[in-house]
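So the structure is just underneath, and the comments pick up after that.
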Amino acid sequence: MPVIEVKNLSKRYGDTVAVRDVSFAVEPGEIFGILGPNGAGKTTTVECISGLRNPDSGTITVLGREPRDRTLRAEVGVQLQESELQEKLTVREALELYSAFYPKPADWRELAGDLGLDEKLNTYFGKLSGGQKQRLSIALALIGNPKVAILDELTTGLDPQARRDTWELISGVRDRGVTLLLVTHFMEEAERLCDRIAVIDRGEVVALNTPAGLVEQTSTADQTIRFRPSAPIADELLTVLPEVSRINRHGDRIEVVGTGNLLHAVTSVLASNGIVAVELRLEQATLDDAFVRLTGRTAEESPR
Amino acid sequence: MKVFGKLVATEFRTALREPVYLGFAGLFPVILIVILGAVPSFREPSPDLGGLRVVDVYAGIVIALSIAMIGLQGMPTVLANYREKGILRRLATTPVNPIALLGAQLAFSAILVVLSSVLVFTVTGILYGVPLPESPIAFLLAVVLAVIGVFAVGLLIAAVAPSGKAANAIGLILFFPLMFLAGLYAPREVLPDVVQRIADFTPLAAGERLMHEAMTGQWPNLLSVTVLVGYLAIFGVAAAKLFRWE
């Protein structure tokens, strides 16, 4: 049985349709990502799942219950975007207070350590940097030892090192058997962490697959090789190869587009002709490309 | 219950770190009455005040001042801030109902009124011999009624104010006229009759009248009690209906 099941969810605010007919299911123990440009309806979707908003239509179950069911609160940890704490509350006090809310809380000291908040325990919330606030927010979402954690824009505002540390932490949380629903617009994050991804655009699910599956599903040309040959080379030498689908020339540079074991095929031909490929680069389709094909724009586009 | 206790303790803790608010709401009333009592003529019995001294009458007035500062300004600002910052929303995702945080802030505010009142009577008793109310139970009842009437108005401010700053501004606008009618600038007894009749229907003045009367041993009058319970009913229900959690 899925941990979270969303069926035909729709939600509008006045004339604006935020979410239209969204369906997906999150299986036990997986990290499920919701990926989409800003304003695509990601946050509305997770707010409905968290029981903070009522959908206009459609059904949602979380652990077999209605999202509004208050018994879920002890089992589902939620990290919201843009939610703060009392300015003059220290990190330690916030962690202690929130652990008192739950029947079987996690050890907050350990969580603080994992999130690099050790040194900040006596600092007021109002004095924390954006990244530190974000890390505290993640800690509070995990403090109740939840079965399910919903994390909205997990690593927004974190520096690259903190972002990697947080990914590490989230992988560890999943290894303990927690099911995670992740909202993100960071491609690398989705690729690194998620078992499956639902791409949402303009309120609709436009694709649902594993990260690799999404790339495969959307890519037209698998690979591109770019290089500068050390000596002139005729097109025909390369176009006869079954792996090569076409060749483009840009000045003294050659761009070879193809499939399969393209790199090996091309370098073999070059070697047998005594030609060296200078500044060789291999480009494979990425989740980024898949995303652009699906939505017609990059995830970081369109300001919030 | 344990969680509620922790929430109330958190309200105290964070408030102690805002010395400006605590100073104003908790200490300003007692400082004001100490200054007034320093004027020799205010320590003479006044026939206008039914034989009481000005400093005696002001004990109730400064407690009303404390109720007004806490109930109309402090509490609504804090609650509107909690909403503005998403603290109430965040709480809604935990096993704790966000109503508990509202309750904790109300409890904290009520305790602050009591502490401030105790301070007023202790200090003025020592310095100027202001007596304890002749009927302490009636006085306590008066404080409780004043608190519920004024806090109901404050809750409605918190319910509709879009931000903490807005709540503070609305509270300030209400503060001066209500405090005037409650006798902060001149005791109600010396105000024109018609103004006194109007004052009877405002929450602070009604509360102040009950406290004043309890000072001389009278039990709460029906009009003031009805007015204050009426404020609780009307403003309290409106606040509950209009309160936005986000």
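The values are calculated or read from the model by the stated rules, or taken from the named source; none is laboratory data. None of these values were measured; they are calculated from a predicted model. Glycine also receives a Cβ, built like all others from the backbone with ideal geometry; neighbour counts cover every protein chain displayed. All accessible areas refer to the heavy atoms of the entire protein, side chains included, with ligands and DNA or RNA removed. Shrake-Rupley method; radii C 1.70, N 1.55, O 1.52, S 1.80 Å.
If you look at the Cα atoms of chain A, you get an Rg and a Dmax of 23.7, 74 Å. Based on every Cα atom in the protein assembly as shown, Rg and the maximum pairwise Cα distance Dmax equal 33.1, 120 Å. Rolling a 1.4 Å probe over the protein heavy atoms gives the protein assembly as shown an accessible area of 44 Å² per residue. Under 29 Å of direct C-alpha separation, and excluding same-chain neighbours fewer than eight residues apart, residue B:85 reaches these lysines: A:11, A:42, A:88, A:104, A:120, A:127, A:133, A:147, B:2, B:6, B:165, B:241.
Where both bridge residues fall in chain A, DSSP classifies roughly 65% of the beta bridges as antiparallel. Solvent-accessible area lost on pairing B with A (1.4 Å probe, both sides summed) amounts to about 2500 Å². Average projected area of the Cα convex hull of segment B:32-79, in nm²? So the Cα hull casts an average projection of 3.6 nm². Annotation: average projected area of segment A:1-143 is 9.6 square nanometres, based on the convex hull of Cα atoms across all directions. Normalised by residue count, segment B:109-246 yields a Cα convex hull volume of 122 Å³ per residue.
Residues of chain B were split at every exposed loop site, defined as chymotrypsin sites (Phe, Trp or Tyr not before Pro) in a DSSP loop with at most 16 other C-beta atoms within 10 angstrom, and the longest piece left, sites excluded, is B:1-184. With all protein chains in place and a 1.4 Å probe, the accessible surface of segment A:128-168 carries 44 percent carbon and sulfur. With both labels modelled 7 Å from their Cα along Cα-to-Cβ, the residue A:110 to residue A:204 distance reads 4.6 nm. Taken one residue at a time, the phi angles of segment A:103-110 give Karplus couplings (6.51, -1.76, 1.60, θ = phi - 60°) of x, 10, x, 6, 6, 5, 5, 5 Hz. Gly and Pro are set to x.
3J(HN,Hα) couplings calculated from phi for segment A:197-210 with the Karplus curve 6.51 cos²θ - 1.76 cosθ + 1.60 (θ = phi - 60°) are, in sequence order, 9, 9, 8, 10, 9, 6, x, 10, 7, 9, 6, 9, 6, 6 Hz; Gly and Pro show x. The GluC sites (Glu not before Pro) of segment A:35-126 that DSSP puts in a loop, and whose beta carbon has at most 15 other beta carbons within 10 Å, are A:82, A:87. Taken as Cα centroids, segment B:1-72 and segment A:139-195 sit 50 Å apart, rounded to the nearest whole angstrom. For chain B, the Kirkwood hydrodynamic radius comes to 18.4 Å, computed from all pairs of different C-alpha atoms. Label separation (residue B:2 vs residue A:241): 6.9 nm, computed from points 7 Å beyond Cα along the C-beta direction. Taking θ as phi - 60° and the Karplus parameters 6.51, -1.76 and 1.60, the scalar couplings of segment B:198-210 work out to 4, 4, 4, 9, 9, x, 5, 5, 4, x, 5, 4, 4 Hz in sequence order, x denoting glycine and proline.
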